[in-house]
Amino acid sequence: MGVSSSGKTTIGEILAKQTGAIFADADDYHSAANKQKMASGHPLNDDDREPWLETLNDLLKSWFESHTSGILACSALKEKYRVTLMKGLPKGAVHVVLLELSRETLEKRMKARSHEFMNPALLDSQIATLEVPTDALRVVNDRSPQKVVEQIVAQLQ
């Protein structure tokens, strides 16, 4: 989890490959309306996010029920979003990893990449919305992706 440009997809893909897990990017599950709203520079509200989070919860539950390891790259910025994501799953079934970076680095990354719908103007709203979880593994993503993945694997084992 983390704000846009924190490295969720990059780290998640490497972590999934290294651990043999399935990878999914929550961005792929947004509705066309949500994507259009964000592309025009308007942040999503809780009503926009609820159906998306329910879909992601279904995905996590399907992995759990089929005994499949999965890595989901998802912003999950608010505690209530994480509650929805984990609804119906046993405690400990999901490990949350928060990727953190300075605002300056996030902004630099956002401006350097082309994203289908994530408007760089939304960075401040993402940072303001972030409710840092108390039970997450917090990792500063300021090294090579492989080093970050090694830290995550070591700390979760």
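Of note:
- Under 5 Å, built H, 5+ apart or other chain: amide partners of residue 140: 100
- Peptide ranges 97-107, 6-16, 44-54 listed from the most packed, as the mean C-beta count within 10 angstrom indicates: 6-16, 97-107, 44-54
- Ligands, DNA and RNA left out, the accessible area of segment 7-157 computed with a 1.4 Å probe is 51% carbon and sulfur.
- Taking 19, 55, 134 in turn, the Gaussian network model of the chain (Cα-Cα springs below 10 Å) assigns the largest fluctuation to 134.
- In the full protein context, segment 1-131 carries 53 Å² of accessible surface per residue, based on a 1.4 Å probe and ignoring ligands, DNA and RNA.
- The chain - mean residue ellipticity at 222 nm from DSSP helices (-39,500 (n - 2.57) per run, n ≥ 4, rounded to 500): -15000 deg cm²/dmol
- Stretchable slack from residue 36 to residue 91, in nm (0.36 nm times residue separation minus alpha-carbon distance): 16.3 nm
- Gained length - residue 150 relative to residue 13, 0.36 nm times residue gap less alpha-carbon distance: 48.0 nm
- What the phi angles of segment 40-57 give under the Karplus curve with 6.51, -1.76 and 1.60, with θ = phi - 60°, is a coupling list of 7, x, 9, x, 6, 9, 4, 5, 5, 7, 4, x, 5, 5, 5, 4, 5, 4 Hz, glycine and proline written as x.
- With 0.36 nm allotted per residue and the present C-alpha distance subtracted, the residue 79-residue 48 stretch has 9.5 nm of extension available.
- Share of Cα-Cα pairs in segment 13-75 lying beyond 17 Å, as whole percent: 46 percent
- Hydrodynamic analysis of the chain uses the Kirkwood radius over alpha carbon pairs. Inserted into Stokes-Einstein at 20 °C and 1.002 mPa s, it gives a translational diffusion coefficient of 134 µm²/s.
The values are calculated or read from the model by the stated rules, or taken from the named source; none is laboratory data. Everything numeric here is computed off the predicted structure, so don't read it as measured data. Every residue, glycine as well, gets a Cβ built from its backbone with ideal geometry; the counts of neighbours run over all protein chains shown. SASA here: full protein model, heavy atoms, side chains in, ligands and nucleic acids out. Shrake-Rupley method; radii C 1.70, N 1.55, O 1.52, S 1.80 Å.
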